[in-house]
Every structure is written in structure tokens, then in C-alpha cells.
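Report on the structure given below.
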Amino acid sequence: MKLASLKSGRDGALVIVSDDLSSMVSAEDIAPTLQAALDDWSNIAPLLLARYKALQAGQLDTQPFDQSHCASPLPRAYQWADGSAYVNHVELVRKARKAEMPATFWTEPLMYQGGSDTFLAPFEPISMPQSAGFGIDFEAEIAVITDDVPMGVNPEEALGYVRLIMLVNDVSLRGLIPGELAKGFGFFQSKPSSAFSPVCVVPEVLGDAWQLGKLSLPLLSHYNGELFGKPDAGIDMTFHFGELIAHAANTRALVAGTIIGSGTVSNKLDDGPGKAVNAGGVGYSCIAEVRMIETIQQGAPSTAFMDFGDTIEIEMLDQNNQSIFGQIKQKVIKTGG
């Protein structure tokens, strides 16, 4: 089952989308919004699934599905917590700063609580007042939406609370991060609104690609029209989604509609830093990572962060080269421009 939220009011209008993303039917009579569906998932999901099967069977009058009309599946959420499950990415950050990485980074997930009151639509521009000094970067990630999760759940049990899966561009302002972290109080200004894929899917849609809390398919990032990264999201993921959810729920319960992110998808190459796609590697899911490798290898970065006019497209294809979640397709623009 594939779901999306058309732009409508603050919380969108829930629709059911065909597997090939070509058509849709309204689900507003079942649940007006995705959050409403999640609030009563055990009762609502079977009704949505029945209509989805009827859609797939060609038994319903449909409308064309246009990704550009979508908000993020949850245009706002009760909670957005982003992990850093790909420790290779964290290791490179530390190494570029010539900083030792604590051993606990391999045994306990890193996680920050992001702003969830406003998410960008998947085709909405990344609007910034300036680019110089901000270090505008994209971060291609996987995210899950949970049901209500009890406090103290273990990682294996936590996987049973995953209801939907989607993609995310966790926009980062790299130039602001060091100053904020130096204050010892975490991200705020350096983490503006994120954007999520037009479509979210139930785990069953992914078949064998979804196993043990990992999604084992390449995550594609096209930067200014060129393939920038295609790392496999199931490889080098130190902490699976069950572990990330359990970490978030260690001292608090999570409410239905909580979004948990994987962190930047990152693959090693021969147990070392990755390589660019044009150099025979799988590339990267953010600009910061290639800059880290340039710093390690050359002493200084040579790749610039995003500027006004730059574009990023994030997508994942199934084994038949069909888009699963639709595209995140964004352009950096000057605020008010």
C-alpha cells in the first residue's frame, strides 16, 4: 500500500496511490489525513488496504497522480528524530577534524530531535536568506513512521511498530553547525525544514528489500542533473531501525506519527572511504562527505556546498527500475527572490 498527502490545509488530504505512481484515489472518507489514519491504525489500515487492492485491480475511478501536488506525507509531525546509523559517515567527519571517535559511537546510536512543525513539500525549493557561509547541504536518508511505541521497547519489538517508510532530504547548514555544537546544546538554526518523498509505503511493498530493519536498495542522489550517489541503504548501516526506535523510546513513549530518520546513507569501499561515481565508487548522499574525503586526502576540500540555483533529486528504484517513493526534487533559492 502506498499513501500520499495532497497539499490541502495544514495537514494535507490523504490519497492512496497506485504501485506505478500513475494514479490515485481519495481516502478522505476513511481518514482525512495521514495523521488521523495513524492515530487509529489498527482500524483504519484494513480499510485503506481494501481500497488500495481495488485500485490495483482497476475497480475504481481514479485521478492522475502528480507528485508536484504533494505535501510531505506528514506535512507536520508530533516528532522528528534523526539518527546517524551509518557510522562510516560519522567516522569521516571526525577524521577530517583529526578528532578521535569514541568507541561508544559503534554501540549506541547518535540522534538529534529536529524541528517537525513545518516540513517542506517534496518539490518545494530550499529557501535561504544567503548561501555564503551557510554551507547549504542535502542529506539523502531513509525514514520510518511509527505507531504508538511504549517506553523501554527492545530493538526487535520496536520493528513491529514501523508502519510506513519514506525518503527524506535532511537539509543541513554546515557552516552553522560547528558554532552551535560548540555551545554544547545541539542543532537548531543549522537544521532547517526537511523534505520527505511524495509517497510513503507499508513495509510489505518492499518485499525482500526490507529485512531486519534495513532497506537494501540503492538510494539515488542527482545533484545538478548528474548522479552524485547510489549507496545501498542496507550496507554499512550499523544500527537498524529497530535499534534507532528503541534508542528514541528508551526514556519516553513515542506517539503515532513519530518519524525516525536513518541519518546520511553512506557506504565504505574496501573498508576505506567511498569514491565518487565517476571514479568507480557508489558516490555520496551529501556534499559534506566528499569534502571530508578531500580534506583527508588533500588537506583541504575542493567541492563547494550548494548555491542558489543548484538542484537535488533523491529517489529509490525497485528491482524493476520503478520509482518506489517518487522524487524529492528541490532547488536552492534566495528567500524573497
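What the table shows:
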read-out	value
Residues located in segment 195-251, provided they are of a type in the set (A, V, I, L, M), open to solvent by less than 60 Å² (accessible area, probe 1.4 Å) and either assigned to a loop (DSSP other than H, G, I, E, B) or within 23 Å of Met151 (Cβ to Cβ) (or both)	Val202, Leu217, Leu219, Ala233, Met237, Leu244, Ile245, Ala246, Ala248, Ala249
Residue satisfying all of: in segment 166-194; under 17 Å from Gln327 (Cβ atoms) and touching a residue at least 60 places away in the same chain (Cβ under 8 Å); surrounded by the most Cβ atoms within 10 Å (Cβ to Cβ) among these	Leu167
Some residue of segment 180-187 being modelled with pLDDT under 95 and of a type in the set (Lys, Arg)	yes
For Ile260: the one exception among (1) open to solvent by 40 Å² or more (accessible area, probe 1.4 Å); (2) within 14 Å of the chain's Cα centre (by Cα)	(1)
Which listed residue is modelled with pLDDT of 95 or more and of a type in the set (Gly, Ala, Ser), from Ala103, Ala140, Ala99	Ala140
Qualifying residue in segment 154-170 (condition: in a loop (DSSP other than H, G, I, E, B) and of a type in the set (A, V, I, L, M, F, W, C))	no
Which numbered condition Asn43 misses (of (1) of a type in the set (S, T, N, Q); (2) closer than 23 Å to Leu254 by Cβ; (3) not in a helix (DSSP H, G or I))	(3)
Close pairs from segment 288-317: first closer than 13 Å to Lys95 by Cα and open to solvent by 50 Å² or more (accessible area, probe 1.4 Å), partner modelled with pLDDT of 95 or more and part of a loop (DSSP other than H, G, I, E, B), Cβ under 7 Å, at least 6 apart	Arg291/Thr303
Segment 318-337: number of residues that are open to solvent by 70 Å² or more (accessible area, probe 1.4 Å) and either of a type in the set (Lys, Arg) or not in a loop (DSSP other than H, G, I, E, B) (or both)	3
Qualifying positions in segment 11-44 - in contact (Cβ under 8 Å) with a residue 60 or more places away in the chain and closer than 18 Å to Ala256 by Cα	Asp11, Gly12, Leu34, Gln35, Leu38, Asp39, Trp41
Filter result (open to solvent by less than 30 Å² (accessible area, probe 1.4 Å) and either within 22 Å of the chain's Cα centre (by Cα) or farther than 14 Å from His69 by Cβ (or both)) within segment 16-32	Ile16, Val17, Ser18, Leu21, Val25, Ala27, Ala31
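The values are calculated or read from the model by the stated rules, or taken from the named source; none is laboratory data. The shown structure was predicted, so the numbers you read here are calculated from the model rather than taken from an experiment. Using ideal geometry, Cβ is built from the backbone for each residue, glycine included, and neighbour counts are taken over all protein chains shown. To get the accessible areas, we keep the full protein, side chains included, count just its heavy atoms, and leave off ligands, DNA and RNA. Shrake-Rupley method; radii C 1.70, N 1.55, O 1.52, S 1.80 Å.
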